[in-house]
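Below: one structure, written as structure tokens.
The values are calculated or read from the model by the stated rules, or taken from the named source; none is laboratory data. Keep in mind that what you see is a predicted model, and the values were worked out from it rather than measured. Virtual Cβ from ideal backbone geometry, glycine too; neighbours counted across all protein chains shown.
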Amino acid sequence: MTKAPSIDLDRVRADTPGVTHRTHLNNAGAALMPQPVIDAVVAHINREGAIGGYEAAAEAADRLGRVHDSVGRLVGADAGEIAITENATVAWQRAFQSLEFIAGDRILTTTAEFAGNYIPLLQLARRTGVSVEVIPDDASGALDTAALESMIDERVKLIAITWLPTNGGLVNPAAEVGRIANAHAIPYLLDACQAVGQMRVDVNALGCDMLTATGRKFLRAPRGTGFLYVRRAMLERTEPALLDLFGAVVDRPGHYAMRADARRFETWETNYATRLGIGAAADYLLDIGIDAIEARCGFLAELLRVGLSALADVTLRDAGTVRSAIISFTVAGMEAADVMQRLAAQAINVSVSPPVSTPLDAVARRLPPVLRVSPHYYNSEEDIRRFLTVIATL
């Protein structure tokens with residue numbers, strides 16, 4: 001087993017109020033916010049109450065103006081390539097709906113695709129006659145890049161995949177998909193919800209044209225936050241399906257002009273408190289260092305996988321050979337929801353991932369509802385031992 005990476009665990013746990021009374025292993029659902037993020041949100045809400053919403057936003061203009069830069073630094077993008085959104089679903093749908101398709105076009109996706117993305121693909125197919133096709137997996141359960149290459153022709157107009165699925169630990173070969181997409185000049189939309197905050201994300205290395213993510217998971221931002229990255233070259237030929245007076249202006253009667261940056265995907269009204277929260281979360285992560293975070297997440301995930309593998313009644317439900325800090329498993333003779341409730345009674349947070357979340361993967365692997373445990377860098381080794389002890393005594 002690898003050596004525990006260097007993170008000031010005392011500091012990050014002191015910054016995380018939630019660890020004092022819970023063992024939180026549901027970071028793939030919603031991580032515990034650190035105190036600087038909580039402070040940023042609460043302080044702005046208090047100012048809105050004290051002086052008014054417009055006035056509080058004006059007072060915080062400088063800090064609000066830095067949010068796009070902080071989020072951009074997180075993924076290796078320019079501030080002008082970032083739009084802050086209400087959540088990852090909004091980010092993904094705004095990106096997807098900005099693309100144009102006609103009957104006969106092909107969209108390629110993966111068996112691990114999140115249902116929230118797959119459903120809009122099917123809806124478009126029903127409305128327009130496009131073909132939604134699934135890229136086969138390799139023997140490990142990861143997206144097969146050789147199969148993807150063989151599927152490419154002039155009718156493929158989009159490759160849309162989930163990098164880290166909501167369960168199963170899989171890390172799809174997103175950068176290799178980007179290489180293929182770029183070689184054939186095919187737009188590439190990447191769902192990075194479970195990656196941002198857990199591992200290094202570099203949009204240039206990934207080769208994606210658009211990337212979406214949430215704030216509430218490993219980034220440790222508030223719920224109701226997300227962002228969209230749009231590569232500048234893609235931005236120059238993309239128009240949101242819906243514009244308002246923030247994304248565009250009427251520059252003369254009967255004509256409008258869009259913003260030059262990715263904020264054309266935003267709207268005039270927004271939640272300024274949570275926007276400051278996602279900015280604070282990005283700054284907090286950047287201060288700690290993503291490489292140290294990624295290493296510690298991998299270390300804790302390895303502890304969990306080794307410990308769970310040693311239990312006779314536990315079956316790991318992971319896929320792929322490269323794995324994330326998301327571990328899925330079942331316990332023989334017990335429903336996942338019952339196990340989750342028993343853990344909750346011991347102040348341990350996990351979650352259940354139902355088959356409807358990843359319908360193609362669930363059918364292919366005949367998955368029941370699975371337990372999902374997802375550590376983060378602020379979890380201690382004692383958290384892992386405590387969790388494993390409770391599982392062993394169920």
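Any idea which residue in the range 115-143 is surrounded by the most Cβ atoms within 10 Å (Cβ to Cβ), counting only those that are out of contact with any strand residue (DSSP E or B) (no Cβ under 9 Å at 6 or more places or on another chain) and of a type in the set (S, T, N, Q)? It comes out as Thr128. All of (1) among the acidic types (Asp, Glu); (2) over 20 Å from Ala160 (Cβ atoms); (3) surrounded by fewer than 16 Cβ atoms within 10 Å (Cβ to Cβ) hold for Asp69 with one exception: (3). (1) modelled with pLDDT under 95; (2) within 30 Å of Ala273 (Cβ to Cβ): which one isn't true of Ala91, the others all being true? The number of the failed condition is (1). Looking across the range 358-389 at every residue that is of a type in the set (S, T, N, Q) and modelled with pLDDT of 95 or more, the one that is surrounded by the fewest Cβ atoms within 10 Å (Cβ to Cβ) is identified as Thr389. Looking only at the range 210-269, filter to residues that are buried (at least 23 other Cβ atoms within 10 Å of the Cβ) and among the polar types (S, T, N, Q); which one of those is farthest from Tyr188 (Cα to Cα)? Per the stated criteria, the residue is Thr225. Restricting Ile107, Ile102 to residues that are out of contact with any Gly (no Cβ under 7 Å at 6 or more places or on another chain), part of a loop (DSSP other than H, G, I, E, B) and closer than 21 Å to Pro187 by Cβ narrows the list to Ile102.
For the range 31-69, enumerate the residues that are among the small types (Gly, Ala, Ser) and out of contact with any strand residue (DSSP E or B) (no Cβ under 9 Å at 6 or more places or on another chain). Before the answer, list the steps.
In the first step, residues of the range 31-69 are kept if they are among the small types (Gly, Ala, Ser); the result is 31, 40, 43, 49-50, 52-53, 56-58, 60-61, 65.
Scanning the range 31-69 gives Ala40, Ala43, Gly49, Ala50, Gly52, Gly53, Ala56, Ala57, Ala58, Ala60, Ala61, Gly65.
Would you call Ala337 more than 27 Å from Val37 (Cβ to Cβ), assigned to a helix (DSSP H, G or I) and aliphatic (A, V, I, L, M)? Considered against the rule, which asks whether it is more than 27 Å from Val37 (Cβ to Cβ), assigned to a helix (DSSP H, G or I) and aliphatic (A, V, I, L, M), Ala337 comes out as yes. Here Ile288 meets each of (1) within 16 Å of Pro165 (Cα to Cα); (2) out of contact with any strand residue (DSSP E or B) (no Cβ under 6 Å at 6 or more places or on another chain); (3) of a type outside the set (S, T, N, Q) with one exception, condition (1). Taken over the range 288-330, the criterion of being among the acidic types (Asp, Glu), part of a helix (DSSP H, G or I) and under 20 Å from the mean Cα position of the chain (by Cα) is satisfied by Asp291, Glu294.
Applying a threshold of 6 Å to beta carbon distances and a minimum spacing of six or more residues, or different chains, the list of pairs starting in the range 250-278 at a residue that is over 19 Å from Arg216 (Cβ atoms) and ending at one that is in a loop (DSSP other than H, G, I, E, B) and not small (Gly, Ala, Ser) reads Arg264/Pro240; Phe265/Pro240; Thr267/Asp244; Thr267/Phe246; Trp268/Asp244; Trp268/Leu245; Trp268/Phe246. Scanning the range 245-277 for residues that are more than 22 Å from the chain's Cα centre (by Cα) and part of a loop (DSSP other than H, G, I, E, B) gives Leu245, Phe246, Gly247, Pro253, Gly254, Arg259, Ala260, Asp261, Trp268, Glu269.
Got a sec? Which of Ala83, Ala112 is modelled with pLDDT under 95, under 24 Å from Ala205 (Cα atoms), buried (at least 19 other Cβ atoms within 10 Å of the Cβ) and touching a strand residue (DSSP E or B) at 6+ places or on another chain (Cβ under 9 Å)?
Ala112
Does the range 10-31 hold any residues that are among the polar types (S, T, N, Q) and surrounded by fewer than 18 Cβ atoms within 10 Å (Cβ to Cβ), and which are they? Spell out the reasoning first.
If we filter the range 10-31 for residues that are among the polar types (S, T, N, Q), which is where we start, we get 16, 20, 23, 26-27.
Of everything in the range 10-31, just one residue is among the polar types (S, T, N, Q) and surrounded by fewer than 18 Cβ atoms within 10 Å (Cβ to Cβ), namely Thr20.
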